[in-house]
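Structure, as structure tokens:
The values are calculated or read from the model by the stated rules, or taken from the named source; none is laboratory data. In this text, all values refer to a predicted model and were calculated from it rather than measured experimentally. Positions of Cβ are generated from backbone atoms using ideal geometry, with glycine treated the same way; all protein chains shown enter the neighbour counts.
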Amino acid sequence: METETMIEKLIVQMQYDLLHYSQESIKKKIKRILRNLMRVQHIDKPDNFFWPNAMIAEALVESLIQYPQKETQKVLEQYVNQWIQKNKQISYVDQIMNGYAICELYEKNAQSDYLNILEQMKRYLLHCDKASDGSLLYRSNQKEYVYADSLGMVCPFLCRYSVLSGEKKLADLAIKQFTNFREHGYDAKSGLPYHAYHAGNGEKLGIIGWGRAVGWILMGMSDSMQYLQEQDLEIVQKLFCELGNTIITYQRIDGFFSWQLQAMEGPRDISATSMILGALQVAVKKKFLDEKFERVIEKGKNAILSTQNVLSSCLAECEGLGSYPQYYDRYPWGDAATARLLLQ
């Protein structure tokens, strides 16, 4: 498929998904209520501002540069206005990921409502409970558990808003997330990250080399570096190059990355592939990474564009540490990551 054709189709799908993903059917709502009443399994009410929607918002913001469609701008504004109308309160770090796109909207249209959301996110991150090493908790009820996901969801916002607000302590908090995870969350032998670690006892948790965990870390660093200066930039760039050089040895012959990087004969994962390649591409274009990575990126992009039904090879949502259901289909996080890769 031609790049422009694929991008145009992805934009249309994401415009719809941003406003509709996670909407609860009557059947699912009844099932959730009954399970909660019976205490069989607690199921949270779907959150329309969770990380999948935030990934879509980021990709649509990216699309406005090359494809400045009025419909995309309208959908993004409608999405954020829903947040305002619902007086949405921050409960999870996943929701902070929306801040990156809201920063973009605020820079173009300095609405006080947008600023209020950004300030709400800042206060949450500065004052929320943290692990004993100062890392952000992925879930407040999981004390000392630090997840790789948080690095991609939170750090780019912290660094971008640090520049926008002039508050250096926000960038400092982001740097701490990267350095802590490198010190406590990587496998010593392979150099690949675990999915998480326990800051209290030092145990490394989940599996080594989960593709999306690698994607979250690389994406977090690549989207943060452009807002960092001097010593801070040097620290993150060094970490990025180290992990980048480690993971390229796991690119498969067909150009993709597997759902778990070391499982090179296992299923490919379009979300992990696009997150990793997209992060590498941003870093190369910003001169944070050696040009040798261009071959890796092109090989992956060519594979994506030449593979039939490639978007249906996306790994389902992780259900917790060590639980990575081997279901592959088309999901918003695969679409959004692929769109960002092709748009850059």
Go over the candidates THR246, THR273 one by one and state the one that is at pLDDT 95 or above, among the polar types (S, T, N, Q) and under 15 Å from the mean Cα position of the chain (by Cα). THR273
Would you please name the residue that is surrounded by the most Cβ atoms within 10 Å (Cβ to Cβ), looking only at residues in region 80-107 that are among the polar types (S, T, N, Q) and within 23 Å of TYR138 (Cβ to Cβ)? ASN98
Filtering region 108-142 for residues that are under 22 Å from ILE217 (Cβ atoms), of a type in the set (Lys, Arg) and exposed (fewer than 15 other Cβ atoms within 10 Å of the Cβ) leaves a count of 1
Would you confirm whether any residue within region 160-173 is modelled with pLDDT of 95 or more, buried (at least 23 other Cβ atoms within 10 Å of the Cβ) and farther than 18 Å from CYS128 by Cβ? yes
Filter result (over 19 Å from GLU230 (Cβ atoms) and touching an Asp or Glu at 6+ places or on another chain (Cβ under 6 Å)) within region 157-182: ASN180
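When residues of region 263-275 are filtered for being more than 12 Å from ASP223 (Cα to Cα) and either part of a helix (DSSP H, G or I) or touching an Asp or Glu at 6+ places or on another chain (Cβ under 6 Å) (or both), how many remain? Steps first, answer last, please.
The initial filter retains those residues of region 263-275 that are more than 12 Å from ASP223 (Cα to Cα), namely 263-274.
Narrowing further to those that are either part of a helix (DSSP H, G or I) or touching an Asp or Glu at 6+ places or on another chain (Cβ under 6 Å) (or both): 270-274.
Residues in region 263-275 being more than 12 Å from ASP223 (Cα to Cα) and either part of a helix (DSSP H, G or I) or touching an Asp or Glu at 6+ places or on another chain (Cβ under 6 Å) (or both): 5 in total.
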Residue count, region 215-259, condition hydrophobic (A, V, I, L, M, F, W, C), over 15 Å from GLN281 (Cα atoms) and outside any loop (DSSP other than H, G, I, E, B), comes to 4
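For GLN82, are the conditions met, namely being more than 24 Å from MET275 (Cβ to Cβ), in a helix (DSSP H, G or I) and at pLDDT below 95?
Numbers: more than 24 Å from MET275 (Cβ to Cβ): yes; in a helix (DSSP H, G or I): yes; at pLDDT below 95: yes.
When the stated conditions are applied, GLN82 passes them.
When you check GLN326 against the structure, is it free of Cβ contacts under 8 Å to residues at least 24 places away in the same chain and more than 19 Å from TRP216 (Cβ to Cβ), yes or no?
On the way: free of Cβ contacts under 8 Å to residues at least 24 places away in the same chain: no; more than 19 Å from TRP216 (Cβ to Cβ): yes.
Taking the combined requirement at face value, the residue does not satisfy it.
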Over region 111-135, the set of residues part of a helix (DSSP H, G or I) and not aliphatic (A, V, I, L, M) is SER112, ASP113, TYR114, ASN116, GLU119, GLN120, LYS122, ARG123, TYR124, HIS127
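Of the residues ASP290, ASP232, ASP254, ASP223, which is crowded, with 21+ Cβ neighbours inside 10 Å and acidic (Asp, Glu)?
Details: ASP290 fails: crowded, with 21+ Cβ neighbours inside 10 Å; ASP232 fails: crowded, with 21+ Cβ neighbours inside 10 Å; ASP254 fails: crowded, with 21+ Cβ neighbours inside 10 Å.
It is ASP223.
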Look at region 209-232 and say how many of its residues are free of Cβ contacts under 8 Å to residues at least 24 places away in the same chain and not polar (S, T, N, Q). 1
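Report whether or not THR273 is closer than 16 Å to LEU10 by Cβ and either touching a Ser or Thr at 6+ places or on another chain (Cβ under 8 Å) or of a type outside the set (Gly, Ala, Ser) (or both).
Numbers: closer than 16 Å to LEU10 by Cβ: yes; either touching a Ser or Thr at 6+ places or on another chain (Cβ under 8 Å) or of a type outside the set (Gly, Ala, Ser) (or both): yes.
Yes; evaluated as a whole, the condition is true for this residue.
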